[in-house]
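Asker: Provided herewith is a single structure, encoded as structure tokens, for subsequent inquiry.
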Protein chains: 2
Amino acid sequence: MKTPEEILSVIKKEDFFLIASHLDPDGDALGSSLGLSIALESIGKKTFVYNRDPLPEFYRFMPGCNKIKSNFKNILKKNPVLILLDCNSPERAAIEGYRFKTSLVIDHHETQKDFGDIRWIDYNAAATGMIVFSLIKELGITFTKNIATNLYIAIAEDTGTFRYNNTTAKVLATSAELVGYGAVPGIISENLYESWDRKRFDLLVMALNNLEIKNEVGIMHITKDMFKKTGTSSKDTENFSNYSKMVKTVKISTLIRETGSGVARISLRSKGNVNVAKIAELYGGGGHKNAAGFKTKSDIYEIKKSLFKEYRKLNR
Amino acid sequence: MKTPEEILSVIKKEDFFLIASHLDPDGDALGSSLGLSIALESIGKKTFVYNRDPLPEFYRFMPGCNKIKSNFKNILKKNPVLILLDCNSPERAAIEGYRFKTSLVIDHHETQKDFGDIRWIDYNAAATGMIVFSLIKELGITFTKNIATNLYIAIAEDTGTFRYNNTTAKVLATSAELVGYGAVPGIISENLYESWDRKRFDLLVMALNNLEIKNEVGIMHITKDMFKKTGTSSKDTENFSNYSKMVKTVKISTLIRETGSGVARISLRSKGNVNVAKIAELYGGGGHKNAAGFKTKSDIYEIKKSLFKEYRKLNR
């Protein structure tokens, strides 16, 4: 994974960077942004880290997370170079309509748009953190504990901490190197997986209680009332859609969330070769083979019935 | 982690090995045993793999798992060399009272006994699989996919798939190497974590429903009736004791299981520096700092009350 020369030369030449990543940020968006920011600042560059949405509570242990600002308008006059991370369209990062000195795009997601002056999109990278790791190396920057911790979190997030299919030898070897630089896996995992609020835990248990499994499909739902009873909201449901995959026979796991505005959000996850993006498309949504979703104005029990029916059709 | 010369020389010289590991085998016991067996057979040695207890269902994807026999008496007349793995006393493997040509002990657990002609006990190894990895390397044996898969499972098991404190750079680098030899992390993880029977899942949800949290302690219980209702048994509860640690405030998580014989088994797990072995000792049990347990004839609700009280005392 060689860094494109143009990216290296822009970074070496320029002094001020706006680092932006996608809305509803996850560990890869945040870890890549913070890791790169800390690295560039260590060689005397200035950076401004932007994400429109607030950090979920359990990411607040990430080194440097206070750097992240939800508004970047004040720094536009300094004419920053944009580095867009872990997404590749300006809308995904809420930066559309602005002009930047130069814009670099570094990502591993599929792309439909052609945004950016220089684009480095590596579909084979398990995480944007893997690409940023190479970039920092090729810039000759010394890895500190804080850089390593952020990149380790980025990689851990997007590989399910080394459980998903994208966990390659290179992912593990890179992570070993990051541990050598000071990332501490046990502490990172405790923060990522053992730092739930009680109310979030209660919401999960409520949802697990209503899991229905038919053939190879598991569906759980969360009503507005369940959110209210537990004092939680949609952002507390990260990863819930994966739980019913624990059951051997479940190839597609589904989470239906009733949101405040009369809209339900449906998240689909699948094992192995089962393609849930195709199902999401039937309902006007989209995504990847193993992770997709859509929104609907239907009643959640209606949509549950409809999904079981569609899945059954697909199985024929 | 240099292999002791005596171990190398016995293995090189001898031809027939009885490979045994601890009762109630886990991924490290099984993966180390099978990995070593396949490796030794690949250089023309004969091995017999023994474990008294049956393999839990979700380990039945391990390459060569049909090799494991629950009785070794018939092969004693061939005068095997014993290799005892992942434990260090003959009682832990149900091989006490027998004599072997030579006995090698390879383990990473604490030891009180002095069993074995040659002992290689490395407390710093995250898994016995890590020690067996070195051994196979130093014997100059070529790693195959089946050897690599078994050792990867061994290491994954004992590090919580790279989430526990014992996940070092060396653990990750070794695992990267094993993936290079053919272990497939995604498939292994699906088998370990996403292959539950529905009934086991239902039992977990039942237990989660009765979780009580007081101060830094979470306690769940499983009654005989819950086992009966779901058609499960004690062996289906592996890892349940860890679940309440998901909650940030829970430093000690506890599972109480009512067993058929009027005895309750209590498993204690803790985060970070909290020592649960000390608590288990108060009740006549024992274990390690972060994982301990004991048995009692008390009623499960009595023991729950008593535990909350003891924990409170310790906190003062």
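Every number in this text was worked out from the coordinates using simple rules, so none of it is lab data. Not measured: the values here are computed from a predicted model. Cβ: placed from backbone, ideal geometry, glycine included. Neighbour counts: every protein chain shown.
Asker: Would you mind getting me the FRET efficiency between A:Asp114 and A:Ser9? Use the beta-carbon distance for r and R0 = 25 Å, nearest 0.05. Mind showing how you got there, number by number?
Answerer: Numbers: r = 21 Å, r/R0 = 0.85.
Step by step, r from the Cβ atoms, then E = 0.75.
Asker: Applying the Karplus parametrisation 6.51 cos²θ - 1.76 cosθ + 1.60 with θ = phi - 60° to the phi angles of the stretch B:127-135, what ³J(HN,Hα) value in whole Hz is obtained for each residue in order, glycine and proline being reported as x?
Answerer: Rounded to whole hertz, the list is 8, 4, x, 5, 6, 5, 4, 4, 4.
Asker: Less than 15 Å Cβ to Cβ from B:Ile68, Lys/Arg counted +1 and Asp/Glu -1: what total charge do the surrounding residues give?
Answerer: So the surrounding residues net to -3.
Asker: May I ask for the net charge around A:Glu41, where only other residues with Cβ less than 13 Å from the Cβ of A:Glu41 are counted and Lys, Arg are +1 while Asp, Glu are -1? Don't skip to the end; give the middle numbers.
Answerer: Details: positive: A:Lys45, A:Lys46, A:Lys67; negative: A:Asp15.
Computed value for this residue: +2.
Asker: Okay, moving on. Normalised by the residues of chain A, what does the relative contact order come to in percent, with Cα pairs under 8 Å and at least six apart? Numbers along the way, then the final one.
Answerer: Details: 579 pairs, mean separation 39.1, N = 316.
Relative contact order for chain A comes out at 12 percent.
Asker: While we're on this one: To the nearest 20 debye, what charge dipole does the stretch A:1-100 have about its Cα centre, counting +1 at the Cβ of each Lys and Arg and -1 at the Cβ of each Asp and Glu?
Answerer: Numbers: 14 positive and 13 negative charges, 107 e Å.
Around 520 debye, computed over the stretch A:1-100.
Asker: What angle do you read, to the nearest 10 degrees and between 0 and 90, between the alpha-carbon axis of helix B:300-315 and the longest principal axis of chain B?
Answerer: For helix B:300-315, the angle is close to 90 degrees.
Asker: If you don't mind, there's one more thing I want to ask. Over the protein assembly as shown, with a single point scatterer placed on each C-alpha, what log10 of the ratio I(q)/I(0) does the Debye formula yield at q = 0.11 1/Å?
Answerer: -1.18
Asker: Same structure, new question: Only counting other Cβ atoms within 10 Å, I'd like B:Leu30, B:Leu314, B:Leu85 sorted with the fewest neighbours first.
Answerer: Details: B:Leu30 27, B:Leu314 16, B:Leu85 31.
So the ranking, lowest neighbour count to highest, is B:Leu314, B:Leu30, B:Leu85.
Asker: Can you list the HN-Hα couplings for the stretch B:170-186, worked out from phi with the Karplus curve (6.51, -1.76, 1.60; θ = phi - 60°), rounded to whole Hz and with x for Gly and Pro?
Answerer: Each residue of the stretch B:170-186 in turn: 5, 4, 5, 5, 5, 5, 4, 5, 5, 5, x, 8, x, 5, 10, x, x Hz.
Asker: Report, in degrees rounded to the nearest 10, the 0 to 90 angle that the Cα long axis of helix B:145-158 makes with the longest principal axis of chain B.
Answerer: For B:145-158 against chain B, the angle is about 30 degrees.
Asker: If you don't mind, there's one more thing I want to ask. What is the angle, in °, between the Cα long axis of helix B:27-42 and the longest principal axis of the Cα atoms in chain B? Nearest 10 is fine, range 0 to 90.
Answerer: 10
Asker: Spin-label point model (7 Å from Cα, Cβ direction): what's the A:Ile75 to A:Leu23 distance in nm?
Answerer: It works out to 2.1 nm between the two label points.
Asker: Just add up the charged neighbours of B:Tyr152: K/R +1, D/E -1, any other residue whose Cβ is under 13 Å from the Cβ of B:Tyr152.
Answerer: Values: positive: A:Arg163, B:Lys145; negative: B:Asp28, B:Glu157, B:Asp158, B:Glu177.
Summing Lys/Arg as +1 and Asp/Glu as -1 gives -2.
Asker: What does the charge dipole of the stretch B:227-274 about its Cα centre add up to, to the nearest 20 debye, if the Cβ of each Lys and Arg holds +1 and the Cβ of each Asp and Glu holds -1? If you can, show how the numbers build up before the last one.
Answerer: On the way: 10 positive and 3 negative charges, 36 e Å.
My answer is approximately 180 debye.
Asker: Follow-up. Quick check on the stretch B:1-69: take the gyration tensor over C-alpha atoms, sort the square-rooted eigenvalues as a ≥ b ≥ c, and tell me if it's rounded (a/c under 1.5), prolate or oblate. Working shown, then result.
Answerer: Numbers: a/c = 2.17, a/b = 1.79, b/c = 1.21.
Prolate, because a/c is 1.5 or more and a/b exceeds b/c.
Asker: Moving on. Per residue of A:197-207, count partner chain C-beta atoms within 10 Å of its C-beta, then hand back the mean as an integer. The partial results should precede the final answer.
Answerer: Working: counts 3, 8, 1, 3, 10, 3, 0, 2, 5, 1, 0.
Whole-number average of other-chain Cβ neighbours for A:197-207 is 3.
Asker: Still on this structure, I have one more. Let me spell out the model: positive unit charges on the Cβ of Lys and Arg, negative unit charges on the Cβ of Asp and Glu, origin at the Cα centre of the protein assembly as shown. What dipole size does that give, in debye rounded to 20?
Answerer: Details: 92 positive and 72 negative charges, 263 e Å.
That gives the protein assembly as shown a dipole magnitude of about 1260 debye.
Asker: Still on this structure: Between the label point of A:Ile141 and that of the same position in each other copy, find the distances and list them shortest first in nm, with every label point placed 7 Å from Cα along the Cα-to-C-beta direction.
Answerer: 4.4
Asker: With all distinct Cα pairs included, what does the Kirkwood hydrodynamic radius of chain B come out to in Å, to one decimal, could you say?
Answerer: Working: mean 1/r = 0.0485 Å⁻¹.
Final number for the Kirkwood radius of chain B is 20.6 Å.
Asker: Can I ask one more? Just going by the charge dipole of the protein assembly as shown, with Lys and Arg at +1 and Asp and Glu at -1 on Cβ, which of B:Thr144, A:Tyr50, A:Thr230 is farthest out on the positive end?
Answerer: It is A:Thr230, whose Cα lies furthest towards the positive end.
Asker: State the answer as a single residue: which of A:Ala176, A:Val247, A:Ile83 lies farthest towards the positive end of the charge dipole of chain A, with beta carbon charges of +1 for Lys and Arg and -1 for Asp and Glu, about the Cα centre.
Answerer: Of the listed residues, the answer is A:Val247.
Asker: How large is ³J(HN,Hα), in whole Hz, for each residue of the stretch B:65-74 in order, when computed from phi with the Karplus curve 6.51 cos²θ - 1.76 cosθ + 1.60 and θ = phi - 60°, using x for Gly and Pro?
Answerer: My calculation for the stretch B:65-74 gives 5, 6, 5, 6, 10, 9, 8, 10, 4, 5 Hz in order.
Asker: Ranked from highest to lowest mean number of other Cβ atoms within 10 Å per residue, what is the order of the peptides B:39-47, B:104-112? Please report the intermediate quantities before stating the final value.
Answerer: Values: B:39-47: 16.9, B:104-112: 19.8.
Order by mean packing, descending: B:104-112, B:39-47.
Asker: Per-residue mean of other chain beta-carbon atoms within 10 angstrom of the beta-carbon, peptide A:241-250? Each step should come with its number before you reach the end.
Answerer: Values: counts 0, 2, 2, 2, 5, 8, 9, 11, 4, 4.
Per-residue shielding by partner chains comes out at 5.
Asker: Hey, got the average number of other protein chain Cβ atoms within 10 angstrom for residues in B:208-218? Don't jump to the answer; show the numbers that get you there.
Answerer: Values: counts 6, 4, 0, 4, 0, 2, 0, 0, 0, 0, 2.
The shielding value for this peptide is 2.
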